[in-house]
Amino acid sequence: MTTARGQYDDIDFSPLRAALDDEVITHSRVRDIRLPSGKVMALITLDNGRDHTRPNTLGPATMLQLGETLDALKARAAAGEIHAVGITGKQYILAAGADLSDIGKLGSKENARLIAQLGHKVFGQLSELGVPSFAFVNGLALGGGLEIALNSTYRTVDASAAAIALPEVFLGIIPGWGGAYLLPNLIGIENALEVVISNPLKQNRMLKPQQAFDYGIVDAIFPAANYLEDSLAWADAVLAGRIKVQRKNEPGKIERLTKWPIAIKMARGMLESKIGTVPKSPYAALELLDKAKSGTKAEGFAREDEALAELATGDQFAASMYAFDLVQKRAKRPVGAPDKELAKKVTKVGIIGAGLMASQFALLFVRKLQVPVLITDLDQARVDKGVSYIHDEIGKLEAKGRLDGDTANKLRALVTGTTDKSLYADCDFVIEAVFEEVGVKQQVFGEIEQIIAEDAILATNTSSLSVQEIGAKLAHPERLVGFHFFNPVAVMPLIEIVKTPETSGAALSTAFVVAKNLGKNAVLTADAPGFVVNRLLAKVMGEAARAVYEGTPVADVEKAFAPLGLPMGPFQLIDLVGWKVAAHVQDTMVRAFPERFYANENFHALAELPEVVEKDKGGRVTGWTKAAERVLKPAVGSSPASPDEILRRVQDGLAQEIKIMLDEGVVPEVEDIDLCLILGAGWPFIDGGASPYLDREGASERAFGDTFHHPVIKGIAG
């Protein structure tokens, strides 16, 4: 039988060196370790020579060097010089997988296939050395880093390791160096589906070391203090037979005939319900996991080679890499942010309001800043309800073990509520969470400005109103800044920071520093209607509403939007954010740009209903409630639009609006719009936000005769 390594022996990998000649090489450094029993282990340490901020990555030169190292160790094992091989990483890091930015430089599908084949050849050697191999997962192990461990005979993990994961599906590809075949055959299909597909689709969720041990991905877990010593002693005991590694999911114990196909079928249904059928990588991964139930390792690896070559050269991966770069780099260095030295130190936060949104703000501020937080409202009952909610949420975090008792008590003590606005006097940063109406916001800020210090910062959480208009009656409008959160506040990573012509450098700098300290990503926007996210969502929702009022059934409208790859259809989204909010935003946009945005007075009538749409079990909108039909019936026309027509309208409308926003200077560059859509609206990585998708679909050319990107962001030619 051909071994996993043997099938790659005659392949010429030299084209990869030319394609990726600027690789930061992770070297394979070897030293012999004499174990307590007297046996010798050759221990490989992967190290790129950089500190922990630049993780080990696995490019072609790295892999070829590791392959040569393993060849030499195989020869030594055959000569009886060594009894085992271990592999670990530099401090805190095993490896973060392939350097994904290099894949875009490969130039062809053939080279992408070579990358997959090289990984399989080299990692496959870990199970064919003639002696047992031990992976000591001493820190971060992502993608190829984890696949090194999976190809080894035995695995231990440091209990303090930062994260363990196969995140490839999140980025539009699949685990292509053994993960899709080896993992389900190690831990069973249900656990593998969780690690390979479900976790990446849950905002790229990672495993903690204990979870990796509980799943059976690793055989032993040791504390950080003596991790390597304990791992070597454990390996010695395994070699001597004193420890027999028991795996609950040994290949012979994994049930394949019934459980495996049922799990695959359920996962497919979940995917179709949650993400539709546009994203390619989750379904490619599902297919690989399905086929992993039978056949040889060599066959499994060959399937991974073809799947990775196909996906890594496709449009969705190219867009995902663009999006990944935005989130990893641009989001961390916000364009237009003033010098942080200008920021005012925030020692106490005031929140105007005590409703649900205000209470969510208070919880976030007190957890992240750990400074006193004051909430106020019109009467004590509302204040007490708000404080009670915050205390309860802190209690839930404590019960889950995410806060210890002392910290929980400290946070509760930092939150106070009152109807006495004079207590705002020593607040440095005051944010409002009151009714979305200019007059109301002007009134509350007018009152607070009389109380707070002259250099205290005021922030508005308005979702679409003019920040300049809100501050028009302030004595010091320069202290006001827009600070727009997204719901749910604790989860959504974006804050739109809105600058008016009057906003001072100190106010703006403080807003950016506070956003960062809250663990959020901030994007600077001009004071324009709807800012970025709501302006473009209003375009999407307006086109959906237009199609309905022309006579298109709501389920057909939802399906017409599917090729966008959005996490949910437009009416499902409206139902989530609230029909009253949606109606308000649409009104704002139509007032500002009546020729480009669509609204209908029936939005407000629908917003008064307790339930507007019917949904299936997956949350997808299937139709209107009977009450909604009664509202809609007199208004709906009899000229339904085709799915292609609806999709083209929304594509062209988005392209036109984004171009206008750039021309108006709402944000500095199109990358900022895509970043806002990704972080604030869950726009998919496979679209790259919006602009790469609109370029590829021809919408940019149709809307303004050019493209947003030069060259257009698309996959490698085959």
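The values are calculated or read from the model by the stated rules, or taken from the named source; none is laboratory data. Just so it is clear, the structure is predicted and the values come from calculations on it, not from any experiment. Heads up, the Cβs are rebuilt from the backbone with ideal geometry, glycines too, and the neighbour counts pull from every protein chain shown. These area figures cover heavy atoms from the full protein model, side chains too; ligands, DNA and RNA do not enter into them. Shrake-Rupley method; radii C 1.70, N 1.55, O 1.52, S 1.80 Å.
Estimated from the Cβ-Cβ distance and a Förster radius of 25 angstrom, the FRET efficiency linking ILE451 and LYS410 is about 0.40.
Multiply the residue separation of GLN328 and GLN91 by 0.36 nm, subtract the distance between their alpha-carbon atoms, and state the gained length in nm to one decimal.
Numbers: separation 237, 0.36 × 237 = 85.32 nm, distance 2.22 nm.
83.1 nm is the gain from fully extending GLN328 to GLN91.
Here the gap between GLN380 and SER294, fully extended at 0.36 nm per residue and compared with their Cα-Cα distance, gives a gain of 24.4 nm.
In Å², what does the accessible area per residue of segment 1-96 work out to with a 1.4 Å probe? Intermediate results must be reported in sequence, preceding the final value.
Values: 4560 Å² over 96 residues.
With all protein chains present, segment 1-96 gives 48 Å² per residue.
In order along segment 41-50, phi translates into HN-Hα couplings of 10, 8, 9, 8, 10, 7, 7, 8, x, 9 Hz, rounded to whole numbers, per the Karplus curve 6.51 cos²θ - 1.76 cosθ + 1.60 with θ = phi - 60° and x for Gly and Pro. Here the 3J(HN,Hα) profile of segment 506-517, calculated from phi with Karplus coefficients 6.51, -1.76 and 1.60 at θ = phi - 60°, is 5, 5, 5, 4, 4, 4, 5, 5, 4, 4, 5, 5 Hz, Gly and Pro shown as x. Annotation: amide H of LYS90 within the under-5 Å range of LEU46, sequence separation 5 or more or interchain, hydrogens built in the peptide plane.
So, with +1 on the Cβ of K and R and -1 on the Cβ of D and E, and no other charges, what is the size of the charge dipole of the chain about its Cα centre, to the nearest 20 debye? Write down the numbers at each step before the final one.
On the way: 77 positive and 91 negative charges, 399 e Å.
For the chain, the charge dipole is close to 1920 debye.
Any idea of the accessible area per residue across segment 456-536, 1.4 Å probe, to the nearest Å²? Computed with neighbouring chains in place, this is 28 Å² per residue. What the phi angles of segment 413-422 give under the Karplus curve with 6.51, -1.76 and 1.60, with θ = phi - 60°, is a coupling list of 5, 6, 9, 10, x, 7, 9, 8, 5, 5 Hz, glycine and proline written as x.
How large a share of the accessible area of segment 411-533, in percent, is made up of carbon and sulfur atoms when the probe is 1.4 Å and the other protein chains stay in place?
Working: 2280 of 4220 Å².
It is 54 percent, rounded to a whole number.
Ignoring lysines fewer than eight residues from LYS385 along the same chain, the ones with Cα atoms less than 26 angstrom from its Cα are LYS348, LYS368, LYS396, LYS400, LYS410, LYS421, LYS441, LYS580. Put simply, the amide H of LYS348, placed in the peptide plane, has neighbours under 5 Å in ASP428, PHE429, leaving out anything fewer than 5 places away on its chain.
For LYS208 and THR258, what is the calculated FRET efficiency with R₀ set at 22 Å and r taken between the beta-carbons, to the nearest 0.05?
0.10
When each of the peptides 686-694, 35-43, 463-471 is scored by how many other beta carbons lie within 10 Å of its residues on average, the order from highest to lowest is 686-694, 463-471, 35-43. Here's how it looks for TRP624: its modeled amide H is under 5 Å from those of GLU614, which are all 5 or more places away or on a different chain. A protection proxy built from the mean count of other Cβ atoms within 10 Å ranks the segments 477-486, 662-671, most packed first, as 477-486, 662-671.
Using Cα atoms only, what is the angle between the long axis of helix 259-275 and the major principal axis of the chain, expressed in degrees (0 to 90) to the nearest 10? The angle comes out at about 30 degrees.
For the chain, the longest principal axis of the alpha carbon atoms and the long axis of helix 438-449 meet at an angle near 80°.
Can you give me the Cα centroid spacing of segment 188-226 and segment 444-523 in angstrom? First find each Cα centre; the distance between them is then 40 Å.
What is the percent carbon and sulfur in the accessible area of segment 159-234, measuring with a 1.4 Å probe over the protein chains and ignoring ligands?
Details: 1380 of 2580 Å².
On segment 159-234, the fraction of accessible area on carbon and sulfur atoms equals 54 percent.
At a probe radius of 1.4 angstrom, the accessible area of segment 323-452 per residue rounds to 49 square angstrom.
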